[in-house]
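Structure, as structure tokens:
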Amino acid sequence: MRFDVFTLFPRMFDGLLDESILKRARERGLVSVHLHDIRDWATDRHRSVDDYPYGGGPGMVMMAPPIVHAVEAVLADELQTTPIIALSASGEPFTQAMAAELAQHRRLALICGRYEGIDERVHLLLRTREVSIGDYVLTGGELAAAVMIDVVARLVPGVIDPESVQEESFTSGLLEYPQYTRPPEFRGLKVPEVLLSGHHARIAEWRRQQALCRTKARRPDLLARAQLSEHDRRLLESCPDTGSAR
Ligand code: ADE
């Protein structure tokens, strides 16, 4: 999968893509990330990329021509077939489901907004999809684009073990159960007995209950949408009120 990132600060991506799983995916040719400096497409002799908002108000707005020219030049004959995402706090929320959908494409363009936003004509001309990674305001879209690349890239076939994707939070609709590894006791805290029992059915039931209770405590919104069996509902009845499920 190929990512084309349009940004005023390409160096913000240094290091982020060169470690661990993303590094390996890039080395194996499964994922490539191409950074494009929007300023390279500025048209005036000052290389301007932003200006005052028409109608007044605080801050600066990213100008349409450099962004539109950059995206058109880079995507070329794939302009019509490549989803163009604009990162913005005013976008629709990014979710695991959106990531799964985007991972079906072989190419994705990401435009990183800065300042007070991007001239609306960019969205109209390029038919962008405006996406937010959460209800908070970043200094710009670069970190949000890096988050999207990370989330989408690991869904590309071959990047990680498919079983890990099945089990994890959000794919199943519930938060994940707690994990333990050696040593069996640390500072007086013991690994729950059931995990040492070797009894697979009891382990699976304990994990299901932990996932349900955690989701109830931390994300009641997810629990309300989850597919629950009668057995799940019984397991939910014995969740602690607060405390261990937090
Ligand atoms: N730019 C500023 N805040 C953002 C957010 N929450 N998501 C995506 N882009 C942003």
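Highest mobility in the GNM of the chain, judged by mean-square fluctuation with C-alpha springs under 10 Å and restricted to GLY140, GLY56, GLY117, is found for GLY56. Taking the chain as a whole, the Cys residues whose C-beta sits 4.7 Å or farther from every other Cys C-beta are CYS112.
Subtracting the Cα-Cα distance from 0.36 nm times the residue separation, let me have the gained length for LEU16 to LEU222 in nm, one decimal.
Values: separation 206, 0.36 × 206 = 74.16 nm, distance 2.98 nm.
Result: 71.2 nm gained on full extension.
For the chain, the Cα gyration tensor yields ellipsoid semi-axes of 43, 20, 17 Å (square root of five times each eigenvalue, largest first, whole Å). Let me check I've understood the local charge: for GLU130, count other residues with C-beta under 15 angstrom from its C-beta, Lys and Arg +1, Asp and Glu -1. What total comes out? Net local charge, GLU130 excluded: -1. Here's how it looks for ARG219: its modeled amide H is under 5 Å from none belonging to a residue 5 or more places away or on a different chain.
Here the alpha carbons of segment 167-237 define both size measures, Rg and Dmax, at 13.3, 38 Å.
Which residues in segment 84-127 have a backbone N closer than 12 Å to a point placed 7 Å from the Cα of HIS46 along the Cα-to-Cβ line? Correct set: none at all.
Provide HIS123, HIS105, HIS200 in ascending order of the number of other Cβ atoms located within 10 Å of each residue's Cβ, fewest first.
Ordered by Cβ neighbours within 10 Å, fewest first: HIS200, HIS105, HIS123.
Stretching LYS23 away from GLU185 to a fully extended chain increases their span by 54.8 nm, per 0.36 nm per residue minus the current alpha-carbon distance.
R0 = 35 Å: FRET efficiency of SER229 with VAL156, Cβ-based, nearest 0.05? Please report the intermediate quantities before stating the final value.
Working: r = 32 Å, r/R0 = 0.92.
Calculated value: 0.60.
Subtract the Cα-Cα distance of PHE170 and TYR54 from 0.36 nm times their separation in residues, and report this length gain in nm to one decimal. Kindly include the intermediate steps, with their values, before the conclusion.
Numbers: separation 116, 0.36 × 116 = 41.76 nm, distance 4.16 nm.
Result for the pair: 37.6 nm of gain on full extension.
Segment 39-80 and segment 204-230 have Cα centres lying 46 Å from one another.
Ranking of PHE3, PHE186 by neighbouring Cβ atoms within 10 Å, starting from the fewest: PHE186, PHE3.
Quick note: the coordinates plus some simple rules give every number you see, no bench work behind them. Values in this document were obtained by computation on a predicted structure and should not be read as measured data. Positions of Cβ are backbone-derived with ideal geometry, glycine not excepted, and every protein chain shown enters the neighbour counts.
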